[in-house]
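The values are calculated or read from the model by the stated rules, or taken from the named source; none is laboratory data. These figures come from a predicted structure and were not determined experimentally. Please note: Cβ atoms are built from the backbone with ideal geometry, for glycine as well, and neighbour counts cover all protein chains shown. For accessibility, only protein heavy atoms count, side chains too; no ligands or nucleic acids. Shrake-Rupley method; radii C 1.70, N 1.55, O 1.52, S 1.80 Å.
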Amino acid sequence: MTRHFIKRTLAILLTAAAALAFGAPGAPASETIRIGTFLSVTGPASFLGDPELKTLRMYIESINKDGGVLGRKLELVHYDVQHLADKAKTAIKRLIEDDKVDVIIGPSTTGTTMATIPLVERAGIPMISLAGAVVIINPVKKWVFKTPHTDRMACAKIFGDMKKRGFTRIGMISGTGGFGKSMRGQCKGLAADFGISVLADETYGPKDSDMTPQLTKIKNTKGLQAVLNPGFGQGPAIVTKNFRQLGMGMSLYQSHGVASKKYIELAGAAAEGVRLPAAALLVADQLADNDPQKVVVVGYKKAFEKRWGSAVSTFGGHAYDGLQLAISAIARAGSTDKEKVRAEIEKTSGYIGTGGIVHMSPDDHLGLSLSAFRMLEIKNGEWTLVD
Amino acid sequence: MFAEFLQFLLSGVTVGAAYGLVALGFSIIYNASHVINFAQGEFVMLGGMSTVFLMAAGLPMPVAVVLAVLVTVVLGLLLEKLAIEPARGAGVVPLIIITIGASIFLRGVAQVAMDREFHAMPPFTGDAPIMIAGATILPQSLWVFGGMAVMGMLLWYFFARARFGKAMLATAYNPLAARLIGVNTRLVLLCSFGLSALLGSVAGILLAPITFTSYDVGIMLGLKGFCAAILGGMGHGAGAVVGGLIVGIAEAMGAGYISSEYKDAIAFIIILLVLFFMPNGLFGKRTTERV
Amino acid sequence: MSQALKRKLADPRTGGLLGLAAVIAVLPLFLPNNFYYDVAIGAGLSAIVCVGLNLLIGYAGQISLGHAGFVGLGAYSSAVLTVEFGWHPLAAMTAGALGVGILAFLVARPILRLRGHYLAMATLGLGIIISIVVNTEAEYTGGPDGMTVPSLMFFGRELYGEAVWYWIVGAALLFTVWLSLNLIASPVGRALRAVHGSEPAAEIAGVDTAHYKVLVFVISAVIASLAGSLGAHYAGFVSPANVGFFRSIELVTMVVLGGMASTYGAVVGAAILTVLPQLLTGLEDYEHIAFGLILMLTVIFMPRGLVPSFFTIARNRLASAGAPPP
Amino acid sequence: MTLLKVEALSREFGGILAVDSLHFEIAPGSIHSIIGPNGAGKTTLFNLVTGVYAPSAGRVHFEGRDITGLAPHRLAAMGLSRTFQNLQIFFNMTALENVMVGLHLTLDRRLGAALFRLGGVARKERRARDAAAELMRFVGLEAYLDVDADAMPYGALKGLELARALASKPRLLLLDEPAAGLNPVETEEVAGLIRKIAQSGVTVVLVEHDMRLVMGVSDHVLVLDYGRKLAEGTVDEVRANPDVIAAYLGSGAAGGTHGA
């Protein structure tokens, strides 16, 4: 009888859930191509997942309007996993086993990606991660690809710029979230190659609201020429504000983790003069007309901003690239056979995306070179190209 | 070296003042009902977020602030009326769960009604840092600190002088006796939620220009405020303020002198030590159980 | 049916256990694929923790808002000791449980001297400190990104896959429920309930209340640790996300929802709160609202939890149907 | 030989001495009453003797051993038990289970045996049930064996506390207002019960406001006022004591009324 009771409760809940969920997908048509995704739409990494999901929805709609791929409609199956590895693991099982998707785009964060890689590899299904860390594709995993530049590349780009400006003594203040922690490690490992020494190394928590104590210590470290702040979310904006509040004279570098208009909006005037590496998307209008990426990035930017009424971020761009890589591979493979699609993704060459020009290979499941990154500086509240 | 110390101190006092306001909210509700309101942090969030959205809707800042406080107070009253009152007489654990449910609910509502992004709010009086002996402080920090001082004073006056404030204290001391002498204890309970929602929203609005605001800023502020309230002795007004300042300053000093990675742990380590050695907090009264 | 057999079946220790075993045995028929197995395993692991937690909260009347910390310590002991130090998984699991037991023992006396919200604060603080340590000591724990855990080997066979783990977790759950029921029906269990009922009266009846509070805290922590270890080996991965404050809250909620002082209630509560989010995924943005509402409504309208409320209703129905009173 | 000896016992609360350097002795094998106006320190005295409060000064000896400040469960093991003025019932149990808690010290309390149901736990539990049921019959509650304690009437709960206290086989039993809230018929039953308990060899000390009960059962009476001993002796001696009369008339609470 207890069981009966539970079953009835569940049945009621199910009905309620179905009734409440606007636009919840009905039974799948047999002929659709099912694209699975599990993003960080809520929680501390929602600024990643939110534009990513919006991008996927918008493009799948428009691709379907144009007739779909291989004459079949696309269907998006999505689960919000926040930043939680456990939710990601459950979601990927659901996508693979229950929804039987053909290809997976996502997740948003390194932690959720790393948690699901063993399952993806065992199941044998192509997955294009939208997360940053280099560990995702190095060493190479057979079924796992990714579109965003790695944190290691960001470090190299930043250190290259510092070297050019003659900075060799720097301080770092990193977020303790997965992104900040990973990039902090990569940058510290890479610094010596550029003749740069990290003389101050501070951190802050994901919910911290005041970083002046950490910055005060950095300020009082003698001879620093620049400060690098790997992190995402609101943290870097607070660091930037505190940095100016303390009247710190050195240059401030941010990471590609803040590559959205939101950062400038939050940090306000304090963001003036801050440099960061980012994809061409942020400076779409400033690109030279002969820049191969110009058409792609301007097109995406216009479409996104028209549909959603908010500024583009590079994160949505990663999802755009992931979707394009997946559907063009499916188109080339002529089927949704997983091994064939995987092989076609791996053969991607010369795809021009929002993140850069992609040349994949069996040894490189990212396919972006350092040149895909642009060094930007914030001037008058706008992104401007430095090089 | 002194400038460094002073900088840590100023940082700590700013954050600590906000913790203190949240702790006061905890204490007021605790006094009236012995409920620990885990949704206290959400009041902070609602204050900040509502102001931002009302301003975005085109309202001038002062109007937006007043409306935001009102919205939060109304939600606080509704929370008491709809969730706490029907469960009166339930034990400590169920009430904790109800308020946790309420906090998840309020966060969900804010997420849907507003959005999931971080928002900046303009400072009340510019953001040119003020230099003090080599350390700097933002004008907004003074607003936070001043806000806490004013609220603390008003509360003190309310409880020490105003008739209704005394009625609230009487209810805290002995609800049955208070009812017998004609205090409307249900009203007192209701008002305690309104009052703490007011405090929370004020803290949220004062703090938003410094820390930004989003639908989930309330979680950590709530927990730290709870720490501060316990540290000062649950239900003790001045204790809550002092507890808040201690937690804030300890965090800033810890981040500055010990380890920024363990900054968040510092508040909780202090709390554990205090509870181990002074189970009633710094100012709490020793209680003996009657059998 | 003979009267004795009937009574035996109505007894929670025999009838209830048989019922639970039957549910576990039959459930796979309704699990179409690994995803459903995964949810069932998740529910089982949570249920194990909740059965232990229920001894503390439901029976002994103490609260812990930090139990996810103990689950996490168990999981990370298994992960770190096997990966970084090359221990055998069973040794790591045992060491984890032992370590958690000792930690729980050391903090229990000062913590359990506290009451109500002070106890809530102390356990909450302990849990948060554990989660910060796990997040920060990235050298060992992989930090916020977590770390992979090797499969559990059993007589040279790798234990992998949902189907295998379903039975492992099912057996572990049955065993835990059996232990819990045994404990409750013994003088020790009665002493725990006496602590809840009235500490002064328990003391004067000869019950060393401090001792029993420490004992039940340690037992529930060790059970949590073991469940954490199992979960780590099943998932092949540990991350700090499940060590935090919210997970602790979720665990307490499972106990309260299912019914305090009801071992089966803890199991039902864990099952519902594990399945519910999967049902609510269609709600997207409204998931939080729905979850918060369900929490509040259950506690307000069924303060004793689902299972005890259900049995009261059932008993009243039987009584009004003319059955003789017990 | 004395069973209980209290020496210079004091306890203050916030500057007020609730018990003020009290001396007295209780001889074994009789019924003693402690009386006094409200606030005379009677319950505080019980709480001091049974380890609920620690005394500010003074010693308590039980059967020649110093028991000052010992935890109540240690005292229970030594043969001292009590009931409470504000009922302390385990409302999360049945009546029978309440009494079984009283048997705690006589039962198998090993954790391993409990967890795995080893060492004849089941058999011992059955025996404990029988013993508890016997005690409930002794106090006249055989109708309530498997009733949830929170469903029992007030008068029955008083008896239940008594049965639970007897279950730990005390040599000294302190009863804190056993007749409070009972009607005259119930009070008469309690009086009978107290005599029965005393006859079985348990020394009984009671705090009581109901003077009829006190005068009816007591062998020896101790009168407290403002935390100090006012008088002591047999019922007749106390009744004749001018200080006692003054105190009772002065406080307006004449003998024979019901206490709160």
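Taking the conditions exactly as written (surrounded by fewer than 22 Cβ atoms within 10 Å (Cβ to Cβ) and at the interface with chain C (Cβ under 8 Å from one of its Cβ atoms)), does D:Phe138 satisfy them or not?
The answer is no for D:Phe138.
Kindly indicate whether any position in the stretch D:176-193 is within 26 Å of C:Tyr59 (Cα to Cα) and open to solvent by less than 50 Å² (accessible area, probe 1.4 Å).
Scanning the stretch D:176-193, I find no residue that is within 26 Å of C:Tyr59 (Cα to Cα) and open to solvent by less than 50 Å² (accessible area, probe 1.4 Å), so the answer is no.
Let's see how each residue does on (1) in contact with a Leu (Cβ under 9 Å, 6 or more places away or on another chain); (2) among the aliphatic types (A, V, I, L, M); (3) away from chain B (no Cβ under 14 Å):
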{"residue": "C:Gly259", "(1), (2), (3)": "yes, no, no"}
{"residue": "C:Ala270", "(1), (2), (3)": "yes, yes, yes"}
{"residue": "C:Ile289", "(1), (2), (3)": "yes, yes, no"}
{"residue": "C:Ile294", "(1), (2), (3)": "yes, yes, no"}
{"residue": "C:Leu297", "(1), (2), (3)": "no, yes, no"}
{"residue": "C:Pro308", "(1), (2), (3)": "no, no, no"}
{"residue": "C:Ser320", "(1), (2), (3)": "no, no, yes"}
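Can you tell me which residues in the stretch D:83-125 are of a type in the set (Phe, Trp, Tyr), surrounded by fewer than 18 Cβ atoms within 10 Å (Cβ to Cβ) and farther than 15 Å from C:Leu179 by Cα?
D:Phe91
Residues that are within 25 Å of C:Gly189 (Cβ to Cβ) and touching a Phe, Trp or Tyr at 6+ places or on another chain (Cβ under 6 Å): does the stretch C:80-103 have at least one?
Among the residues of the stretch C:80-103, at least one is within 25 Å of C:Gly189 (Cβ to Cβ) and touching a Phe, Trp or Tyr at 6+ places or on another chain (Cβ under 6 Å), which makes the answer yes.
Hey, can you tell me all the residues within the stretch D:2-17 that are open to solvent by 20 Å² or more (accessible area, probe 1.4 Å) and either at negative phi or outside the structural domain of D:Val204 (by TED's automatic domain parsing) (or both)?
D:Thr2, D:Lys5, D:Glu7, D:Arg11, D:Glu12, D:Phe13, D:Ile16, D:Leu17
Restricting to the stretch A:359-373, name every residue that is touching a residue at least 24 places away in the same chain (Cβ under 8 Å) and within 16 Å of the chain's Cα centre (by Cα).
A:His365, A:Leu366, A:Leu368, A:Ala372, A:Phe373
Is there a residue being open to solvent by 20 Å² or more (accessible area, probe 1.4 Å), at pLDDT below 90 and within 14 Å of chain A (Cβ to nearest Cβ) anywhere in the stretch C:222-235?
yes
Going by what's in this entry, would A:Gly189 be described as at negative phi and in contact (Cβ under 8 Å) with a residue 60 or more places away in the chain?
Spelling it out, it is not the case that A:Gly189 is at negative phi and in contact (Cβ under 8 Å) with a residue 60 or more places away in the chain.
Against the condition assigned to a helix (DSSP H, G or I) and either facing chain B (nearest Cβ under 10 Å) or on the phi > 0 side of the Ramachandran plot (or both), how does C:Leu114 come out, does it pass?
no
Quick one: C:Ser198 ticks every box in (1) in contact with a helix residue (DSSP H, G or I) (Cβ under 9 Å, 6 or more places away or on another chain); (2) within 14 Å of chain D (Cβ to nearest Cβ); (3) under 30 Å from D:Leu173 (Cα atoms) except a single one, so which number is it?
Exception for C:Ser198: condition (1).
Evaluate the stretch B:146-159: report whether one residue or more is without any contact (Cβ under 8 Å) to a residue 40 or more places away in the chain, within 14 Å of another protein chain (Cβ to nearest Cβ) and not β-branched (Val, Ile, Thr).
no
Take the residues in the stretch A:189-206 that are among the β-branched types (Val, Ile, Thr) and open to solvent by less than 40 Å² (accessible area, probe 1.4 Å); name whichever of them is nearest to the chain's Cα centre (by Cα).
A:Thr203
Exactly one of (1) under 21 Å from A:Arg374 (Cα atoms); (2) within 14 Å of chain B (Cβ to nearest Cβ); (3) among the β-branched types (Val, Ile, Thr) is unmet by A:Ile196. Its number?
In the conditions (1) under 21 Å from A:Arg374 (Cα atoms); (2) within 14 Å of chain B (Cβ to nearest Cβ); (3) among the β-branched types (Val, Ile, Thr), A:Ile196 misses (2) alone.
Output the residue which, of all residues in the stretch C:2-18 that are modelled with pLDDT of 85 or more and buried (at least 16 other Cβ atoms within 10 Å of the Cβ), is farthest from the other protein chains (Cβ to nearest Cβ).
Selected residue: C:Leu17.
Which of the helices (runs of 4 or more DSSP H) found entirely inside the stretch A:35-149 contain at least 2 residues meeting this: more than 10 Å from chain C (Cβ to nearest Cβ)?
The helices (runs of 4 or more DSSP H) meeting that bar are A:46-65, A:110-123.
Please verify whether the stretch C:196-204 includes one or more residues that are farther than 25 Å from D:Leu103 by Cα and touching a residue at least 24 places away in the same chain (Cβ under 8 Å).
There is no residue in the stretch C:196-204 that is farther than 25 Å from D:Leu103 by Cα and touching a residue at least 24 places away in the same chain (Cβ under 8 Å).
Conditions (1) without any contact (Cβ under 8 Å) to a residue 24 or more places away in the chain; (2) under 19 Å from C:Gly125 (Cβ atoms); (3) in contact with a Phe, Trp or Tyr (Cβ under 8 Å, 6 or more places away or on another chain), marked per residue:
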| residue | (1), (2), (3) |
| --- | --- |
| B:Arg179 | yes, no, no |
| B:Val183 | yes, no, no |
| B:Cys191 | no, no, yes |
| B:Val202 | no, no, no |
| B:Gly218 | no, yes, yes |
| B:Leu221 | no, yes, yes |
| B:Ala229 | no, yes, yes |
| B:Val241 | no, no, no |
| B:Ile246 | no, yes, no |
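Here is a list of conditions, (1) over 26 Å from C:Pro144 (Cβ atoms); (2) assigned to a helix (DSSP H, G or I); (3) more than 11 Å from chain B (Cβ to nearest Cβ); (4) not charged (D, E, K, R), and A:Ala270 meets all of them except one; can you say which number that is?
(3)
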